[in-house]
Amino acid sequence: MSPEISNQSLLFLIVFVVVPLTLSYFYQLGMSRDILWSSLRGTVQLFAIGYILTYLFDLPASFGIPLMVGIMLIIATFHARQKGKELPYVLPVVFFGLLIVEVSVLFMWLTFDMVQFRPSEVIPMSGMVIGNSMVAMGLSLERMKSEFKQNNGRLLAALSLGAKPKQASHLIVQKTLHAALIPNVDRIKTIGLVQLPGMMTGLILGGVDPVMAIKYQLVISLSIFSSVSISAMFVTIAMYRYFFNQNKQLVESAEEIESQS
Amino acid sequence: MFRFENVSQSPLQGVTFEIKDQDKVILFGPSGAGKSTLLFLFNRLSDPEGGHIYYKDERIEKHDITSLRKNVGLVLQSPNLFPGTVLDNLKYGPALFDEWNENEARKLLDYVQLPISFLDREVDQLSGGEQQRVSLARTLANQPEMLLLDEPTSALDNRTAEEIEEVLERLIKEHQLTMLMVTHDMKQARRLGDRGLFISDGKLQEDGKIPEMLDQPDTEALYKFLEE
């Protein structure tokens, strides 16, 4: 297989857009505009990032890497905080969580010579780590909020028996972490069996020896596994306390119960 | 035991009353009147916006909050059991204070008339009535001196509600507990209460002895409530 895809070949990708477009038309899904817009937007975004990456890869590593990683961290922070913006201190908690994850993963990669300190290696791999951590933090925040809502009665029962907030919310922290980690455990379990992971596929298509591609994939998969676990744990443990006030009371619990009675 | 002085917490507006040791008080009134809000003030699941609450002649804030909650037990309308076995639930409270004694389990199940074989049962396999008994036993495990009951039988069918009511009546008598119970069932109020607090529009409208209050209401508000 040629590692090069010509522009003419790319043009034929339009067929892949026409299929959902036709479906939308025949079944009157009203999604034609969305399909066209998202395909166009995705294409432009990818080419734009391609040019930006080409520029960044040419910069000296000590400048290009912090610059791009910093931008990724900021964007990821603002995105993840959306899921819990009503909670206090969510912005700094998410930012420091992502920063800790990225710095520790980078430290491991560089110390044990898994990745070279080159923009072409560190930036895409950091992107995957930060992106997955961002999703894990967002999901944890969302899950935690819904668990607190669903378990309001149990929390009141625990507090009324004399539990401190940490003890009362133990079950919720456990459930939130469980929910955040299960998809990762499943992904690692079936890796290579159900689907060939994206990075490995890309390297093989790019002409890299499959065993070498697998080594890279292992580095990134296990790095993501670990970062997702740390992110979920960090954000959950840092944020559960804000569902209580300093008097070990659930915030707004009484009003909610009153309105239900 | 408790003294409320001009206590406000939306929707309650300036409520004043006293609860003495071993009082058996029924708290009733229309939905949204502030009954649960009032109940939660006793064990500081919430704090008032205005006024003062005294517990044992001292401002409630001076008492250690976890010990207060241990002494003033709460049973909610839904059992809200923790996942796990009946035993896990029974020892939850005492374990928080390092006071769990394995021999207590049998006694607690006896109190609520459940067989000892229930100890290892998963709580999600129990019926609604059985779950509410376990919830009551879980609160009793902390050996409280006062019980706050927020409509503990309203989610149960008549027969099960009566059974729980009998258990409650016996326990309160045997353990000389002070009781404050929210209920919409006036027959239950007559059976279990000595004194009534009628709350409507956020205000304490009537405070008196139970049969007299229900038979000859002093206020138009209580008269209307009983008519409905």
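Taking into account only those residues within the range B:54-73 that are under 25 Å from residue B:168 (Cβ atoms) and outside any helix (DSSP H, G or I), which is farthest from the other protein chains (Cβ to nearest Cβ)?
B:56
Please work out which one of (1) surrounded by fewer than 21 Cβ atoms within 10 Å (Cβ to Cβ); (2) on the phi > 0 side of the Ramachandran plot is the condition residue A:162 fails and give its number.
(1)
Report, by residue number, each residue of the range A:173-185 that is buried (at least 23 other Cβ atoms within 10 Å of the Cβ) and not small (Gly, Ala, Ser). Lay out the reasoning, then the answer.
Taking the range A:173-185 as the starting set, the residues that turn out to be buried (at least 23 other Cβ atoms within 10 Å of the Cβ) are A:176, A:180.
Residue satisfying the conditions is A:176 alone.
How many of the residues making up the range A:111-144 are within 14 Å of the chain's Cα centre (by Cα), within 24 Å of residue A:250 (Cβ to Cβ) and open to solvent by less than 10 Å² (accessible area, probe 1.4 Å)?
Summing the residues that are within 14 Å of the chain's Cα centre (by Cα), within 24 Å of residue A:250 (Cβ to Cβ) and open to solvent by less than 10 Å² (accessible area, probe 1.4 Å) in the range A:111-144 gives 4.
Do any residues in the range A:132-156 that are within 14 Å of chain B (Cβ to nearest Cβ) have Cβ atoms under 6 Å from those of residues that are open to solvent by 10 Å² or more (accessible area, probe 1.4 Å) and of a type in the set (Lys, Arg), where the two are at least six apart or on different chains, and which pairs are they?
Short answer, once both residue conditions are applied: A:147/A:175.
Condition first: away from chain A (no Cβ under 14 Å) and open to solvent by 40 Å² or more (accessible area, probe 1.4 Å). Now tell me which residues in the range B:2-12 satisfy that. Explain how you work it out, then say what you get.
Quick first cut of the range B:2-12, residues away from chain A (no Cβ under 14 Å) only: B:2-6.
Once the filter is applied, which keeps residues that are away from chain A (no Cβ under 14 Å) and open to solvent by 40 Å² or more (accessible area, probe 1.4 Å), the range B:2-12 yields B:3, B:5, B:6.
Could you grab me the full set of residues in the range B:1-15 that are closer than 16 Å to residue B:207 by Cβ and either in a loop (DSSP other than H, G, I, E, B) or not polar (S, T, N, Q) (or both)? Before the answer, list the steps.
Quick first cut of the range B:1-15, residues closer than 16 Å to residue B:207 by Cβ only: B:1-7, B:12-15.
Matches in the range B:1-15: B:1, B:2, B:3, B:4, B:5, B:7, B:12, B:14, B:15.
Being farther than 14 Å from residue B:203 by Cα, within 13 Å of another protein chain (Cβ to nearest Cβ), open to solvent by less than 10 Å² (accessible area, probe 1.4 Å) and in contact with a Lys or Arg (Cβ under 8 Å, 6 or more places away or on another chain) is the filter here; which residues of the range B:16-44 pass it?
Answer for the range B:16-44, where residues must be farther than 14 Å from residue B:203 by Cα, within 13 Å of another protein chain (Cβ to nearest Cβ), open to solvent by less than 10 Å² (accessible area, probe 1.4 Å) and in contact with a Lys or Arg (Cβ under 8 Å, 6 or more places away or on another chain): just B:43.
From (1) away from every other protein chain (no Cβ under 11 Å); (2) modelled with pLDDT under 95; (3) open to solvent by less than 70 Å² (accessible area, probe 1.4 Å), pick out the condition that doesn't hold for residue B:76.
The single condition residue B:76 does not satisfy is (1).
Those residues that are polar (S, T, N, Q) and assigned to a strand (DSSP E or B), I need them from the range B:74-91; list them, please. Walk me through it before giving the result.
Let us first name the residues in the range B:74-91 that are polar (S, T, N, Q), namely B:77-78, B:80, B:85, B:89.
Of everything in the range B:74-91, just one residue is polar (S, T, N, Q) and assigned to a strand (DSSP E or B), namely B:85.
State yes or no: is residue A:108 at pLDDT below 95 and either in contact with a helix residue (DSSP H, G or I) (Cβ under 6 Å, 6 or more places away or on another chain) or surrounded by 14 or more Cβ atoms within 10 Å (Cβ to Cβ) (or both)? So that I can check it myself, show each step before the final result.
Working: at pLDDT below 95: no; either in contact with a helix residue (DSSP H, G or I) (Cβ under 6 Å, 6 or more places away or on another chain) or surrounded by 14 or more Cβ atoms within 10 Å (Cβ to Cβ) (or both): yes.
Criteria not met by residue A:108.
Okay, residues lined up against (1) crowded, with 17+ Cβ neighbours inside 10 Å; (2) more than 14 Å from every other protein chain (Cβ to nearest Cβ); (3) touching a strand residue (DSSP E or B) at 6+ places or on another chain (Cβ under 8 Å):
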{"residue": "B:81", "(1), (2), (3)": "yes, no, no"}
{"residue": "B:85", "(1), (2), (3)": "yes, yes, yes"}
{"residue": "B:89", "(1), (2), (3)": "yes, no, no"}
{"residue": "B:96", "(1), (2), (3)": "yes, no, no"}
{"residue": "B:110", "(1), (2), (3)": "no, yes, no"}
{"residue": "B:125", "(1), (2), (3)": "no, yes, no"}
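Return yes when residue A:188 is touching a residue at least 24 places away in the same chain (Cβ under 8 Å) and surrounded by fewer than 16 Cβ atoms within 10 Å (Cβ to Cβ) and no when it is not.
Numbers: touching a residue at least 24 places away in the same chain (Cβ under 8 Å): yes; surrounded by fewer than 16 Cβ atoms within 10 Å (Cβ to Cβ): yes.
It is true that residue A:188 is touching a residue at least 24 places away in the same chain (Cβ under 8 Å) and surrounded by fewer than 16 Cβ atoms within 10 Å (Cβ to Cβ).
The values are calculated or read from the model by the stated rules, or taken from the named source; none is laboratory data. All values reported here derive from a predicted model rather than from experimental measurement. Note that each Cβ is placed from the backbone with ideal geometry, even for glycine, and that neighbours are counted across all protein chains shown. SASA here: full protein model, heavy atoms, side chains in, ligands and nucleic acids out. Shrake-Rupley method; radii C 1.70, N 1.55, O 1.52, S 1.80 Å.
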